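The values are calculated or read from the model by the stated rules, or taken from the named source; none is laboratory data. As the structure is a prediction and not an experimental result, all values here were calculated from the model. Glycine also receives a Cβ, built like all others from the backbone with ideal geometry; neighbour counts cover every protein chain displayed. These area figures cover heavy atoms from the full protein model, side chains too; ligands, DNA and RNA do not enter into them. Shrake-Rupley method; radii C 1.70, N 1.55, O 1.52, S 1.80 Å.
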Amino acid sequence: MFDPNRVCFFDTTLRDGEQAAGVNLNVGEKLQIARQLEKMRVEVIEAGFPAASPGDFSCVQTIARELTKTTVCGLARTREGDIRAAAQALAQAEKPRLHVFIATSPIHMEYKLRLTPEEVLGEIRSGVSLARSLVEEVEFSGEDASRSNPEFLIKAFKVAVDSGATVLNIPDTVGYATPEEFYQFCRTVIEGVAAPTGVIFSVHAHNDLGLAAANSLAAVRAGVRQVEGTINGMGERGGNSAIEEVVMALRTREDFYGLTVGLDTKRLYPVSRLVARLSGVGVPPNKAVVGSNAFAHEAGIHQHGVMAKRETYEIMRAEDVGCEPAVMILGKHSGSHAFRARLESLGYNLDDQQLAKAFEIFKRLCDEKKEASDGDIEAIVADQIFSVTPEFHYELRDYTVHVGSGLAAAAVVLRLGDQELKDAATGNGPVDAAYRAIKRLIKIDPKLESFKITATSERSDALGEAHVVLSCQGLKALGHGASTDVIKASVRAYVNAVNRLYSVAAARDIRLNGRSGEKPLEGAETLGGI
Ligand code: MN
């Protein structure tokens with residue numbers, strides 16, 4: 001089973017990636033991403049931090065129930081409550097893994113944990129032993145490992161192995177490491193632990209200095225066989241190590257690394273688009289591997305070279321990462337089979353009911369415009385299928401705007417349950433006026449953190465897709481909206497973000513009733529991981 005020449009991938013898009021500012025994925029969206037990661041043959045998915053909130057718990061539980069091939073992992077601190085919550089959330093997983101962490105660096109032990117190194121070793125012993133008594137497979141991480149004393153980290157890992165851990169993770173939590181130094185550090189630790197066969201070492205790098213992929217690869221050279229990362233490198237601050245970059249480096253430079261990977265790289269591009277759209281965190285055009293320009297040659301001399309012989313300037317092919325132009329344009333006359341096939345190739349996996357609804361919306365869209373681009377289809381699915389938040393749902397019924405010189409007015413009609421709510425307001429522009437009208441109707445006063453509109457394709461009949469981030473009482477939520485009318489897309493996105501604020505609050509057992517200026521309620525901050 002254990003192959004020393006194979007590098008496994010551990011995806012933490014749904015846990016560490018989701019810690020990125022302003023990102024809040026609902027259960028349906030997380031499940032959608034998890035299914036695609038499983039199809040891409042990622043070996044492990046970290047689905048969340050069950051003790052962090054009831055919402056996190058239920059996300060891990062749902063994904064654990066659903067996936068059959070991929071290992072599903074839940075994060076926990078060394079404390080008993082965390083470990084029992086994680087084990088319970090993973091109870092129905094086909095392949096569960098419990099991931100226990102505690103900081104091992106002097107600065108974290110002294111100032112954050114206020115524990116002595118001996119006490120930290122005791123925490124590892126009790127935490128990992130308890131985890132191992134509840135779940136077969138246990139991973140241990142020494143948070144801030146890269147700034148830890150290697151002798152102490154070796155001791156910590158030995159305790160973890162003695163207590164039953166079989167995966168030992170070396171996180172560069174704050175993105176401080178540099179490749180040459182980190183290579184040496186990992187070698188020292190791996191040799192020092194001298195773990196029995198079957199125990200594998202793992203790396204978890206952050207991109208604060210733009211070195212996450214380089215550090216991950218340095219660790220692999222040093223003997224690490226599991227790489228942790230996220231799709232698009234999504235994560236807080238500079239983000240996590242981007243899985244697509246590390247896997248393509250190993251694949252493209254197999255001549256140098258001499259290692260194999262099990263990932264289906266043809267799914268990288270669709271998964272990247274899915275994560276970008278559902279999270280609202282876009283991919284820069286020049287992003288390695290999955291950026292829209294990653295395979296576009298501009299310079300004439302390069303184009304000439306590629307036409308004469310591709311390999312003159314191309315080190316990988318767009319089709320190797322699944323970035324291929326649509327062969328078929330969908331339109332008015334397309335049937336549900338073609339529609340379903342297109343959605344699947346775009347990385348979506350809808351159940352029959354969702355598919356029927358999406359198809360109906362697609363048909364309506366085709367009445368407005370003849371053809372639908374991939375971007376149009378992805379935008380309507382993100383808006384109308386995944387964004388729905390049933391617990392507390394304001395629905396946009398109608399709106400009108402009037403724009404004069406220097407002043408705009410908007411009237412908005414919302415529905416909440418069987419109530420119909422109407423109001424009007426003026427503002428600097430139509431979107432501002434509409435948002436002010438909505439604020440008069442809802443019971444909270446959220447702050448607009450960000451607002452952007454993008455076109456789903458380069459054509460003038462593209463849909464406008466709006467992304468709105470709202471905050472209230474320390475919680476943040478992102479809303480999507482898509483329409484051929486950009487004002488409508490903006491209003492839908494705002495209403496969606498309001499609904500999601502309520503969902504996020506419910507998932508954390510927080511009651512929303514305040515004004516945006518109030519200080520965050522207890523429990524509003526997320527628990528950070530490694
Ligand atoms: Mn991290």
Got a sec to turn the phi values of region 25-32 into Karplus ³J(HN,Hα) couplings, 6.51 cos²θ - 1.76 cosθ + 1.60 with θ = phi - 60°, whole Hz, x for Gly and Pro? 9, 7, 4, x, 5, 5, 5, 4
Sequence-distant lysines (8 or more away, or on other chains) whose Cα lies within less than 17 Å of Lys443: Lys422, Lys476
Please list, or write none, the lysines whose alpha carbon is within less than 26 Å of the alpha carbon of Lys155, excluding same-chain residues fewer than 8 places away. Lys112
Of the cross-linked pairs Lys30/Lys69; Lys95/Lys158; Lys30/Lys95, which ones have a Cα-Cα span greater than 21 Å in the structure shown? Lys95/Lys158
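Over its Cα atoms, what ratio of radius of gyration to 2.2 N^0.38 Å does region 7-279 give?
0.92
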For Leu527 and Leu416, FRET efficiency with R0 = 25 Å and r from the beta-carbon atoms, rounded to 0.05? 0.20
When the Karplus curve 6.51 cos²θ - 1.76 cosθ + 1.60 is applied with θ = phi - 60°, which whole-Hz ³J(HN,Hα) does each residue of region 225-241 get, with x for Gly and Pro? 10, 10, 10, 9, x, 10, 6, 6, x, 4, x, 6, 6, x, x, 8, 5
To the nearest 10 square angstrom, what accessible area does His297 show with a 1.4 Å probe? 50 Å²
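So how strong a dipole does the chain carry about its Cα centre when Lys and Arg Cβ are +1 and Asp and Glu Cβ are -1, to the nearest 20 debye? Present the calculation step by step, with values, prior to reporting the outcome.
Details: 60 positive and 70 negative charges, 163 e Å.
Charge dipole, the chain, about its Cα centre: 780 debye, nearest 20.
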Need the full-extension length gain, His333 to Arg237, defined as separation in residues times 0.36 nm minus the C-alpha distance. One decimal, nm. 30.0 nm
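What's the ranking of 242-249, 76-83 by average number of surrounding C-beta atoms within 10 Å, highest first?
Listed from highest to lowest mean packing, they are 242-249, 76-83.
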Accessible-area composition of the chain, carbon plus sulfur, in percent [1.4 Å probe]: 50 percent
Residue (of Ala64, Ala493, Val128) at the positive-pole extreme of the chain, dipole from beta-carbon charges: Ala493
Averaged per residue, what accessible surface does the chain expose to a 1.4 Å probe, in Å²? 43 Å²
Rounded to one decimal in nm, the spacing of the 7 Å Cα→Cβ label points at Lys452 and Thr312 is 3.6 nm
What is the extension gain from Arg440 to Arg511, computed as 0.36 nm multiplied by their sequence separation minus the C-alpha to C-alpha distance, in nm to one decimal? 23.6 nm
For every other residue with a beta carbon closer than 9 angstrom to the beta carbon of Glu123, add +1 if it is Lys or Arg and -1 if Asp or Glu, then tell me the sum. +2
Measuring from its Cα centre, region 50-106 shows a charge dipole (+1 at each Lys and Arg Cβ, -1 at each Asp and Glu Cβ) which, in debye to the nearest 20, is 120 debye
Quick one: Karplus J couplings for region 100-117, per residue in order, coefficients 6.51, -1.76, 1.60, θ = phi - 60°, nearest Hz, x for Gly and Pro? 9, 9, 7, 5, 10, 7, x, 5, 6, 5, 6, 8, 8, 7, 6, 10, 7, x
Residues other than Phe182 with Cβ under 12 Å of its Cβ, Lys/Arg counted +1 and Asp/Glu -1, net out at 0
For the pair Thr484 and Thr426, what calculated FRET efficiency results from E = 1/(1 + (r/R0)^6), where r is the Cβ-Cβ distance and R0 = 22 Å, to the nearest 0.05? 0.30
For region 260-302, what does the relative contact order come out to in percent, with C-alpha contacts under 8 Å and a separation of six or more? 21 percent
Residues of type lysines that Lys369 reaches as a straight line, Cα spacing below 25 Å, ignoring anything fewer than 8 places off in the same chain: Lys332, Lys357, Lys452, Lys488
If the chain between Lys357 and Asp461 were fully stretched, how many nm would it gain, using 0.36 nm times the residue separation less the Cα-Cα distance? 35.2 nm
For Leu407 and Arg125, what does the FRET efficiency come to when R0 = 51 Å and r is the distance between their Cβ atoms, rounded to the nearest 0.05? 0.15
List every residue whose amide H lies under 5 Å from the amide H of Gly464, counting only residues 5 or more places away in sequence or on a different chain, with H placed 1.01 Å from N in the peptide plane. Ser483, Thr484, Asp485
